[in-house]
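These notes concern the structure reproduced below.
The values are calculated or read from the model by the stated rules, or taken from the named source; none is laboratory data. Values in this document were obtained by computation on a predicted structure and should not be read as measured data. Glycine also receives a Cβ, built like all others from the backbone with ideal geometry; neighbour counts cover every protein chain displayed. When the accessible area is computed, the model is the full protein with side chains, heavy atoms only, and any ligands, DNA or RNA have been set aside. Shrake-Rupley method; radii C 1.70, N 1.55, O 1.52, S 1.80 Å.
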Amino acid sequence: MHRFACVVLIDRHGRLLLQERDEHPVIDPEKWGFCGGHLEEGEDALGGAVRELEEETGVRLPPDRLELVEVASVFHEAYDSWDEMSFYAATVDLADDDIVCGEGRRIVFVEADRVLDLDLTGSARQVLPGFLSGPVYSRLCA
């Protein structure tokens, strides 16, 4: 089993920060998904989420700003395994110009009503519908 940590940032308009992956990743190339990735040996999920967010976007948030939304079991065909994904969310007062694309084609804020129309990664397809219709997203947008 592999362990992953992913983050979605919500801007003041309720848009979600998503990454358009390029052709290089082993998992879900050329799809839209979360910022995040593999946890390092001995790393906890929260620490990994903070690290991955900064590596991929240049955004450094203190750990207490990230809220654990869900720990999901996600099947990754590339590994032929069920893996653990810790999914975090946070609100930010940022815009696309504040984001550095450290990985993938682009990382941008996407209107919530467009998110589910994107060609999403398996993990994003699995957790985003419930997140968008759930209490955490509603509270973060309030």
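Quick notes on this one:
- Potential lengthening of the chain between ASP93 and LEU46 amounts to 14.8 nm, from the contour at 0.36 nm per residue minus the alpha-carbon distance.
- Cα lying deepest toward the dipole's positive end in the range 28-142, options ALA95, VAL59, ALA142, charges on Cβ: ALA142
- HN-Hα J in Hz across the range 4-12 - Karplus 6.51, -1.76, 1.60, θ = phi - 60°, x for Gly and Pro: 10, 10, 10, 9, 10, 9, 10, 8, 5
- The 3J(HN,Hα) values that the Karplus relation (6.51, -1.76, 1.60; θ = phi - 60°) gives for the range 29-39 are, in residue order, x, 6, 10, 9, x, 8, 6, x, x, 4, 7 Hz. Gly and Pro appear as x.
- Phi angles of the range 41-46 translate, via the Karplus equation with coefficients 6.51, -1.76, 1.60 and θ = phi - 60°, into HN-Hα couplings of 3, x, 7, 7, 4, 5 Hz per residue; Gly and Pro are given as x.
- Note on the range 1-106: with charges restricted to the Cβ of Lys and Arg (+1) and Asp and Glu (-1), its dipole about the Cα centre is near 320 debye.
- Here the spin labels are modelled as points 7 Å beyond Cα on the Cα-Cβ line, and at TRP82 and GLU111 they lie 3.8 nm apart.
- Matching the structure-derived Rg and Dmax of the Cα atoms in Å against the labelled list (1) 13.7, 39; (2) 29.1, 82; (3) 17.2, 52 gives the label (1).
- With protein chains left intact and a 1.4 Å probe, residues in the chain average 51 Å² of accessible area per residue.
- Placing unit charges on each Cβ (+1 for Lys and Arg, -1 for Asp and Glu) gives the range 35-134 a dipole about its Cα centre, and among GLY122, VAL50, SER73 the Cα reaching farthest toward its positive end belongs to GLY122.
- In this structure the amide hydrogen of ARG21, modeled in the peptide plane, comes within under 5 Å of the amide hydrogens of GLU30, LYS31, TRP32, GLY33, ARG105, none closer than 5 places in sequence on its chain.
- Among 123-132, 18-27, the order from most to least packed when residues are scored by Cβ within 10 Å on average: 123-132, 18-27
- Amide H to amide H distances under 5 Å link THR91 with ILE10, where only residues 5 or more positions off or on other chains count and H is placed in the peptide plane.
- For the chain, the fraction of 1.4 Å probe accessible surface lying on carbon and sulfur atoms is 46 percent.
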